[in-house]
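Below is one structure; the comments refer to it alone.
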Amino acid sequence: MKISIPLLKTDQPNYWCPGCGDFGVLSVVKQTLTELEFHFEDVVLVAGIGCFGKIPNYLNMNSFKVIHGRVLPIAIGIKLANPKLTVIGHSGDGDGYAIGMGHLPHAIRKNIDLTFIVHDNGVYGLTTGQTSPTSMKGYRSKSTPLGSAEEPINPIALAIASGATFVARIYPSGGRKNVEHSVKVLRQAIQHHGFALVDVLQVCKTFNKVNTYDYYNQRIYQLEETGYEPNDRVMAFQKALEWGNEGLPDNGIPIGVFYREEKPAFEDQIPQLKEAGPPAHQPIDSIQISKVAARFR
Ligand code: SF4
């Protein structure tokens, strides 16, 4: 059965705060999956821990809710078990760029074919507002009442430096133009054959009083509108360093596709997958594990 916006609806009550940026992400994901004309059996969603992690509750589709920071290992396992599936991971700046950070560069260098969407709100929202890896320097919160002394992680620069073959940022809020742009970019990310990072500027209305809708609405601009071509890694890295008015020539925050490159995906290069096909489709009736199991008794 084909995915459609009405069929994705669940009867779960929504616990996100009114005005949370996650509503925009949910809407864009629904629209993108519908536009791509996927069938329900084609797609698996994996979500970690954070406010965003409730997204499987609000999408009636095959989903895994996993422990904190482990979206990528589970998503990679699903993809290797059945490379025919489209696998989409949802993470947050805490889940994906702190506890789960060790997995990110390795998933990138594998170039495994999956899409990693990071709901990046610059704060730990679920635990009521502590400083996160992407909180801006000087950010005051319960955990840094005098202001954060640390530089924030730059996920776009990190992904490009790690060799990512698709790196993008979206802002699915602040009007129709941004929503349509987000759908367009997310569609490209999902269709990309290889690892795709999509960092989402997701406003935490309740706890992050710095990176607000006003903050982003005044600064974001679409890379495509400047004639930017996402095929030069050095230029992409330079663009990744732009953030607001920090002394760089452009004082905006770019959104869109920073970098894209075609390379074989990890699963294309695994001889066992090529020869025997997806493990999920292999017969298991004739496999005898009793001898191996006996060694562990
Ligand atoms: Fe959204 Fe922040 Fe509320 Fe969490 S705490 S639901 S991120 S507004």
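The values are calculated or read from the model by the stated rules, or taken from the named source; none is laboratory data. What you see is a predicted model, and the numbers here were worked out from it, not measured in a lab. Cβ coordinates were reconstructed from backbone atoms using ideal geometry, including for glycine residues, and neighbour counts include every protein chain displayed. Quick note on the areas: whole protein, heavy atoms, side chains included, nothing else; ligands and nucleic acids left out. Shrake-Rupley method; radii C 1.70, N 1.55, O 1.52, S 1.80 Å.
Could you grab the pairs with beta carbons closer than 9 Å, sequence gap of 6+ or different chains, first residue in the range 215-227 and without any contact (Cβ under 8 Å) to a residue 60 or more places away in the chain, second one assigned to a helix (DSSP H, G or I) and open to solvent by 60 Å² or more (accessible area, probe 1.4 Å)?
That search, which allows pairs on different chains as well, returns 222/177; 224/184.
What number of residues within the range 18-58 satisfy the criterion of being among the aliphatic types (A, V, I, L, M), more than 16 Å from the ligand (Cβ to nearest atom) and assigned to a loop (DSSP other than H, G, I, E, B)?
Residues meeting the conditions: 1.
So the check is Cβ under 9 Å with 6+ separation or different chains; which pairs have a first residue in the range 263-277 that's more than 9 Å from residue 111 (Cβ to Cβ) and a second one that's polar (S, T, N, Q) and exposed (fewer than 14 other Cβ atoms within 10 Å of the Cβ)?
Here the result reads 276/282, each pair linking the range 263-277 to a residue that is polar (S, T, N, Q) and exposed (fewer than 14 other Cβ atoms within 10 Å of the Cβ).
Of the residues that make up the range 88-104, is at least one under 18 Å from residue 194 (Cα atoms), under 14 Å from the mean Cα position of the chain (by Cα) and either open to solvent by 50 Å² or more (accessible area, probe 1.4 Å) or modelled with pLDDT under 95 (or both)?
Within the range 88-104, one or more residues are under 18 Å from residue 194 (Cα atoms), under 14 Å from the mean Cα position of the chain (by Cα) and either open to solvent by 50 Å² or more (accessible area, probe 1.4 Å) or modelled with pLDDT under 95 (or both).
Residues in the range 184-212 that are more than 13 Å from the ligand (Cβ to nearest atom), within 19 Å of residue 107 (Cβ to Cβ) and of a type outside the set (S, T, N, Q): how many?
11
Considering only the range 1-17, state which residues are within 16 Å of the ligand (Cβ to nearest atom) and open to solvent by 80 Å² or more (accessible area, probe 1.4 Å). Let's see the steps before the verdict.
Within the range 1-17, the subset within 16 Å of the ligand (Cβ to nearest atom) is 12-17.
Passing the criteria: 12, 15.
Looking only at the range 161-184, which residues are surrounded by 24 or more Cβ atoms within 10 Å (Cβ to Cβ) and hydrophobic (A, V, I, L, M, F, W, C)?
164, 166, 167, 168, 170 - these are the residues of the range 161-184 that are surrounded by 24 or more Cβ atoms within 10 Å (Cβ to Cβ) and hydrophobic (A, V, I, L, M, F, W, C).
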